[in-house]
Every structure is written in C-alpha cells, then in structure tokens.
Amino acid sequence: LPSPDVLEKSLEIPMDGIRMYGYTVRNGKLYLREPDGFIEREKINAAQLVRAEGLIRIRDAARRLIDAESNDLPDGEIESRRRELNVVYDAFVQKHGAINEHKNGFFREDADFALLCGLEIQNEKEKTFSKADIFTKRTIRAYRVPEHTDSVIEALQIALNQRGYVDLDYISKLTGKPAEDVLDALKGVIYKNPETERYETSDEYLSGNVRRKLRIARFAAESDSAYSENVDALEKVQPKDLTADEIELQMGSTLFTPQDIKDFLVETL
C-alpha cells in the first residue's frame, strides 16, 4: 500500500459498490477504499489521474462480465457486457497504451490490478500485448450439479461434494441403480463403520487410529460377517510394532511416573 505520507483521510465518499482496496476517482482526486474508509492518494499528476479513470472503467467492466458469466446470465447479457469491456479497453489503449506498461504501475495498490494485467497477453519476443480470451469468448461456466451419471465412482464424488458424506440413496438416484448394485461397485472403495453404522471412504476409514478400528471391526465381525472385509483391509494398514532398541524415552516423558524416576535413581546411584 502507499506510504502514509502520500495518503490523506477522506471524509464522505459513498461506497457505490467499490471493492475493498479498490480505487475510485471523485472530484478530480484518486481515493483508495480501506476498512476505515477512503483515503486520498496524493502525488498523482493529471496524466495519471486520467489513466486511473480509464483503468477503473476497464476494471469495472471486466468485473461485470465475470459476474455475468459466473451467474450464468442470458447469452445476450453476457455479450453486451463483453462489448462494453472491448469498448472501454480499446479506448484506453488508443490513448494510453497497454495496461501492463510500466507507467501504469502507480495503480498496483488496487486489489484488482492483477485482474487488469491478466486481460492482456504479452508477446515476449515482439514486446507487444494482445487481448486475452475474455474479450472474445466465454471463459467461465457456472457449475451445474450433474443429475445423472453411469459411473458409480463419479456419483460417489458428486455425493461427497454436494452432501459431504457417502449418501447411498443419492448415489442410487444419480446412477439409476439399486443400493445393492452400488455397494457391489464400491466394494473396497467405501466401508461401513461399525461404530457409526455409516459408510465412509477408504481414505477416511483406513486412517487415524487403525489399531482401535481393527479391534472394533473384529468384534463386529463376530456377529456380522460382512465386517470381515473391514478386518482384512485394516490388517493391511496396521503400523509396524517398534522393537525395544527403536524406542527412545527422554526423562520427563509422560510414560514415566515420579515413582519410576525415583526407583531408577535409587537403583542406578
């Protein structure tokens, strides 16, 4: 951010949708929005002020286009905002040159300066700039939750993204397959946790305190053989037991009680 000696508190400027740490021009002065209000950017000459106005118009037009694409507005509205961006950008370049030129560096405190620079593609060899794809075609597609997929694995990922857990009913609805077929297809990919009686992904179930989980799975398998696959999977991920020479304990460890330390000192000394 600019140093305090080039900034001055401004009293009353309406927000008008200006993003935090965004520049705005009011009454022939350049202001930066901060959490406590607007502050004036001083030591800005007339030429920089004119370029700032142009950069703000490009910034706002780019944001309007991005919002339109992100919210999946009608194609006509998106095309209208794309034309607006082209018009304000062409007008700026014709008068002031490319956005990425060094003389526009004074605007870098704006939170969207990186967005502005990204509107241009630099030709390193010829030292020129051209328009990015956003000027000619759609670059953002609004995410739509799939309503059907033939892949059970893909349906599982959709369920995890949308529900946050393994929802068999939702997966069945996405694939059009009964729960029994879904379970067969996901064998080894999901496991039913005998503690919660809910299905979990293998990454979740076969991690953490796997020793405790194995004890619980073995107990559950005694009354329900379906949990035998849990036992088999958990046995494969059990950590190796340390040998005596691999264990190093420091004095003060929670494994030692004060009486243990006293007994050691008495016996040794």
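The DSSP beta bridges internal to the chain are antiparallel in roughly 95% of cases. Spatial offset of segment 172-248 relative to segment 26-72 amounts to 56 Å, using the alpha carbon center of each. Legend: helices of the chain (whole DSSP H runs) are marked when their alpha-carbon atoms reach 20 angstrom or more along the helix axis and their mean Kyte-Doolittle hydropathy is at least -0.5; marked are 46-70. Sorting the segments 30-37, 137-144, 60-67 by their residues' average number of neighbouring beta-carbon atoms within 10 angstrom, most packed first, yields 60-67, 30-37, 137-144. Legend: distances between Cα atoms for 240/262; 29/125; 192/240; 173/236; pairs beyond 28 Å are 240/262; 29/125; 173/236.
Shape of segment 125-269 from its Cα gyration tensor (a ≥ b ≥ c, root eigenvalues): rounded if a/c is under 1.5, otherwise prolate when a/b > b/c, or oblate? The shape class here is oblate.
Which of rounded, prolate or oblate describes segment 29-75 when judged by the alpha-carbon gyration tensor and an a/c cut-off of 1.5? It comes out oblate by the Cα gyration axes.
Listed by chain and number, the aspartates and glutamates whose C-alpha is less than 20 Å from the C-alpha of residue 177, apart from same-chain residues fewer than 8 away, are 147, 150, 154, 167, 169, 200.
Excluding same-chain neighbours fewer than eight residues apart, the aspartates and glutamates reachable from residue 127 by a Cα-Cα span under 15 Å are 101. Surface listing: 147, 69, 53, 40 arranged by accessible area from highest to lowest gives 147, 53, 40, 69, probe 1.4 Å.
The values are calculated or read from the model by the stated rules, or taken from the named source; none is laboratory data. Because the structure is predicted, anything quoted here is derived from the model rather than measured. Positions of Cβ are backbone-derived with ideal geometry, glycine not excepted, and every protein chain shown enters the neighbour counts. Ligands, DNA and RNA are excluded from the accessible area calculation, which covers all protein heavy atoms including side chains. Shrake-Rupley method; radii C 1.70, N 1.55, O 1.52, S 1.80 Å.
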